[in-house]
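In what follows, a single structure is set out as structure tokens and then discussed.
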Amino acid sequence: MSFSARFSQGAKAAIPIWIAFVPSSLAWGIAAQSHGLTLQEVFLMSAWVYSGPAQFAVLVPLAEGKSAATVLIAGLLMNLRFLPMSTALAPFFRGVKRLPLLIASHVVSASSFIVPYLQFQKEREASGGASVADGYGNLGFFVGIGATAFTVWVVGTTAGFTVALGFPPGFEEALKFILPGYFAGLLVAEMKGKTMPLICFVSIVTAIPGALLNPGWGWLATAALVAIIGWGLEKWLSRA
Amino acid sequence: MAFSRLELIFILGASALLLRALPQLFLVGKSFPETWDRLLRYLSYALLCGLISITLFMSGARFESDRALYRGVALAVTIAIAYKTKSAVTGMLVGMVLVLLLSWLG
């Protein structure tokens, strides 16, 4: 199947992602405006960083003028998740030249990873491994999802920024709540097993003393420590 | 070395692209160990939860004790509704209205 036909297939498969991106992109745009970012910064962040969790992670440190290292490490730790996602997708793009791969990789995100990944696995099973060889077709499907979702994200965040300008005074509390409230809801809706809720609960509780001990690094260090301890304990218990 | 906000955003985007592109360009046919994948997932969840906490309860280096109670209640309600309805948007909207009402009442 041609690249453009697969692109259309991908775009159709991305419709649920567009719907999910509308509230989160609006929420981020509103939060960014209320934290004092400019429209130029909001646009650049959404189009160039293009990562909801990382954009959320750096928003407060960036707005409060925390050190560059705090901002960059917070963003980097959040974006490390792209490594396994991109690694898992790579075999399905076999034969594609490096430049198109480099350009397409910009739209790898949690949402634009899971839909094509499941689709490619299904197609591989159905075709007895043949679909893996169709690297350009698979890339078309992936870009159909990734590029359209990316567009929705960028337009949504800039629209959110514009909407926030129209909020009357007295609504600051609601604006401040939008992003943490949305992410808390997302985490809960996706939560599985016992380790994840425990890690989340302990991270929420320990972030405050961590931030009081060191306003720049405290919350970052405690969150990383909680995740590593939770992961280590889970591994240890599964062996015992 | 001081960076402007735009420069920081640019560096952040470049590092994100690097993490996205490296496996595509150099790791074709390799697999990422499941256990490390799990650690990275836990790391991003823990960081998000830490962020939720400091965004809601801290203002710079100060704990906002006067607003912590009603924001905490709104967060708990958001979590309960998102869990029950499996909808983050519904949870957020209810929490947003609640935090606004409680802030006006307080």
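For A:Leu187, the requirement of being facing another protein chain (nearest Cβ under 8 Å) and open to solvent by less than 50 Å² (accessible area, probe 1.4 Å) is met. Would a scan of the range A:161-171 turn up a residue that is surrounded by 22 or more Cβ atoms within 10 Å (Cβ to Cβ) and outside the structural domain of A:Tyr50 (by TED's automatic domain parsing)? No, because not a single residue in the range A:161-171 is surrounded by 22 or more Cβ atoms within 10 Å (Cβ to Cβ) and outside the structural domain of A:Tyr50 (by TED's automatic domain parsing). Pairing residues of the range B:52-63 that are without any contact (Cβ under 8 Å) to a residue 40 or more places away in the chain with residues that are in a loop (DSSP other than H, G, I, E, B) and among the charged types (D, E, K, R), at Cβ distances under 7 Å and at least 6 apart in sequence or on separate chains, gives B:Phe57/B:Glu64; B:Met58/B:Glu64; B:Gly60/A:Glu64. Summed over the range B:71-106, the residues that are in contact with a Gly (Cβ under 6 Å, 6 or more places away or on another chain) and under 18 Å from A:Ala20 (Cα atoms) give a count of 6.
Among the candidates A:Tyr117, A:Tyr136, the residue that is open to solvent by 60 Å² or more (accessible area, probe 1.4 Å) and within 21 Å of A:Met1 (Cβ to Cβ) is uniquely A:Tyr136.
Residues in the range B:42-62 that are open to solvent by 40 Å² or more (accessible area, probe 1.4 Å) and outside any loop (DSSP other than H, G, I, E, B): B:Ser59, B:Arg62. Scanning the range B:63-81 for residues that are more than 9 Å from chain A (Cβ to nearest Cβ) and either surrounded by 24 or more Cβ atoms within 10 Å (Cβ to Cβ) or of a type in the set (D, E, K, R) (or both) gives B:Glu64, B:Asp66. When each of A:Gly75, A:Gly10, A:Gly36, A:Gly65 is tested for being open to solvent by less than 20 Å² (accessible area, probe 1.4 Å), more than 7 Å from chain B (Cβ to nearest Cβ) and of a type in the set (Gly, Ala, Ser), the lone residue that passes is A:Gly10. Look at (1) closer than 25 Å to B:Lys86 by Cα; (2) of a type in the set (A, V, I, L, M, F, W, C); (3) modelled with pLDDT under 90 and you find that A:Trp217 fails only one, number (1).
Looking only at residues of the range B:92-101 that are open to solvent by less than 60 Å² (accessible area, probe 1.4 Å) and at the interface with chain A (Cβ under 8 Å from one of its Cβ atoms), we find that the one that is nearest to A:Trp28 (Cα to Cα) is B:Met92.
Please determine whether any residue of the range B:22-40 is surrounded by 22 or more Cβ atoms within 10 Å (Cβ to Cβ) and farther than 30 Å from A:Val96 by Cα. Scanning the range B:22-40, I find no residue that is surrounded by 22 or more Cβ atoms within 10 Å (Cβ to Cβ) and farther than 30 Å from A:Val96 by Cα, so the answer is no.
Residues being in the same structural domain as A:Gln9 (by TED's automatic domain parsing), free of Cβ contacts under 8 Å to residues at least 24 places away in the same chain and within 22 Å of the chain's Cα centre (by Cα) are entirely absent from the range A:195-202.
Scanning the range A:196-214 for residues that are more than 7 Å from chain B (Cβ to nearest Cβ), buried (at least 18 other Cβ atoms within 10 Å of the Cβ) and either at pLDDT below 95 or part of a loop (DSSP other than H, G, I, E, B) (or both) gives a single hit, A:Gly210.
The values are calculated or read from the model by the stated rules, or taken from the named source; none is laboratory data. From a predicted model like this one, the values you see are computed outputs, not experimental measurements. With ideal geometry, Cβ positions are generated from the backbone for all residues, glycine too; neighbour counts draw on all protein chains shown. Surface areas here come from the heavy atoms of the whole protein model, side chains and all, with no ligands, DNA or RNA. Shrake-Rupley method; radii C 1.70, N 1.55, O 1.52, S 1.80 Å.
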